[in-house]
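Here's the structure we're looking at; comments come further down.
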Amino acid sequence: MPRRSPFTNLARQLAALARPQRADLHTHTTASDGEFTPSQVAAHARQAGVAAVAVTDHDTLAGVAEAQAAAPELDVIAGVEISTSFNGREFHLLGYFVRTDHAELNAALARVCERRRDRFREFVECIRGGGRNIPADRVALVEQASESLGRRHVAQLLVACGAARHRTEAFQRFVGPVRNEVGPKVLLPVEEAIHLVHAAGGVASLAHPPADLDDDTFRTLAGYGLDALEAEYPWGRNSRTNALREAASRYGFAVSGGSDCHGPDPQHRMVGTHGISVEELAALRARIAGHPRRP
């Protein structure tokens, strides 16, 4: 049977319809360190046949409106991945269903992004100090293209300048060696970030929880008002899905999940490859009722 025959195409469409729909609640766009524009993320979500997709850029809501406008027929959830601190470590907090015009949340995110921009410039200067020429006009183009800058932007800049063949080489040869010469990020205390998400009308989930979190940590986070754990994620061979789902059940958390897509590669992290069921999405959304909105 030819691969492109009408019967083959029909069979594929029927197979897609037979698969349970899921929601990809972790994607990144060019508003932070993703390679797809918000409109492209929405298009890939539509192509993947997901029930919903959340735009969760690092420390910014700048990509949400474009994604929502590009796919009005799709449930495009306003989200953000916030850089936070807890017990002296960096953790990432996913906020979902938040108001993109919430003043307090946006002010806090702007403060984090301002430090991200300064840190990007510090990386560039450290690498220049090592003898690598990075033209100022190239730096300016990167700064103009993204609201939330990070190390991935530095690596992509080095590739664009011909200093490295690919991003991995850029990290190994240039970005990694100067990491300790660059000042730290601004991290919001995790309890403050949870408060901000709730105040903006959203729910808060712990992104890709580390394997060493213990019961005391889960109890503390529950006390701060954490709503969910990200259980479905591209964990690789050592999947933590079952353990996190069990922890969520024990401590009364909902679950979230998604691809953490940053671009076309790797394929196993493309939009729609990971996510939660529509029933789990409804349970996550139901948490909103427990958090009174604030101006």
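None of the figures in this text is laboratory data; all of them are computed from the coordinates on show. Owing to the predicted nature of the structure, the values given are computational and were not obtained by experimental measurement. We place every Cβ from the backbone using ideal geometry, glycine too, and count neighbours over all the protein chains shown.
Summarising the label geometry, the points placed 7 Å from Cα in the beta-carbon direction at residue 89 and residue 180 lie 2.1 nm from one another.
In this label model, residue 128 and residue 211 are separated by 4.1 nm, measuring between points 7 Å along each Cα→Cβ vector.
I'd like the trypsin sites (Lys or Arg not before Pro) in segment 224-283 restricted to DSSP loop residues with at most 11 other Cβ atoms within 10 Å, sorted by number.
Values: sites: 237, 240, 245, 250, 269; in loops: 237, 240.
Answer in residue order: 237.
Values (1) 167; (2) 155; (3) 142 are given for comparison; volume of the Cα convex hull per residue in Å³, derived from the coordinates here, is the one labelled (2).
Could you give the distance between the Cα centres of segment 159-192 and segment 41-70, to the whole Å? Cα centroid of segment 159-192 versus Cα centroid of segment 41-70: 26 Å apart. What net charge is computed for the residues neighbouring residue 228, neighbours being all others with C-beta under 13 Å from the C-beta of residue 228, Lys and Arg scored +1, Asp and Glu -1? My count for the surroundings of residue 228 gives -1.
Using the charge dipole of segment 111-181 (Lys, Arg: +1 at Cβ; Asp, Glu: -1 at Cβ; taken about the Cα centre), state which of 180, 148, 168 has its Cα farthest towards the positive end. The residue sitting most towards the positive pole is 168.
Residue-normalised convex hull volume from the C-alpha trace of segment 55-168: 140 Å³ per residue. Modelled spin labels at residue 35 and residue 278, positioned 7 Å past Cα toward Cβ, are 3.2 nm from each other. Amide H contacts under 5 Å for residue 82: 59, 93, 94, 95, restricted to partners 5 or more places along the chain or on a different chain, H placed in the peptide plane at 1.01 Å from N. Near residue 35: Cβ cut-off under 14 Å, other residues only, Lys/Arg at +1 and Asp/Glu at -1. The net charge is -1. Sorting the segments 181-189, 204-212 by their mean number of nearby beta carbons within 10 angstrom, highest to lowest, gives 204-212, 181-189. For the chain, modelled as a Gaussian network with Cα springs under 10 Å, which listed residue fluctuates most, 170, 52, 78? Maximum among the listed residues: 170.
Remark: segment 119-125, residue by residue, has Karplus-estimated 3J(HN,Hα) of 5, 4, 5, 5, 4, 4, 5 Hz, where x stands for each Gly or Pro and the curve is 6.51 cos²θ - 1.76 cosθ + 1.60 at θ = phi - 60°. Taking a sphere under 14 Å around the Cβ of residue 285 and counting the other residues whose Cβ falls inside, with K and R at +1 and D and E at -1, yields a net charge of -3. Helical content alone sets the calculated 222 nm signal of the chain at -12500 deg cm²/dmol, taking -39,500 (n - 2.57) per DSSP H segment of four or more residues and averaging over every residue.
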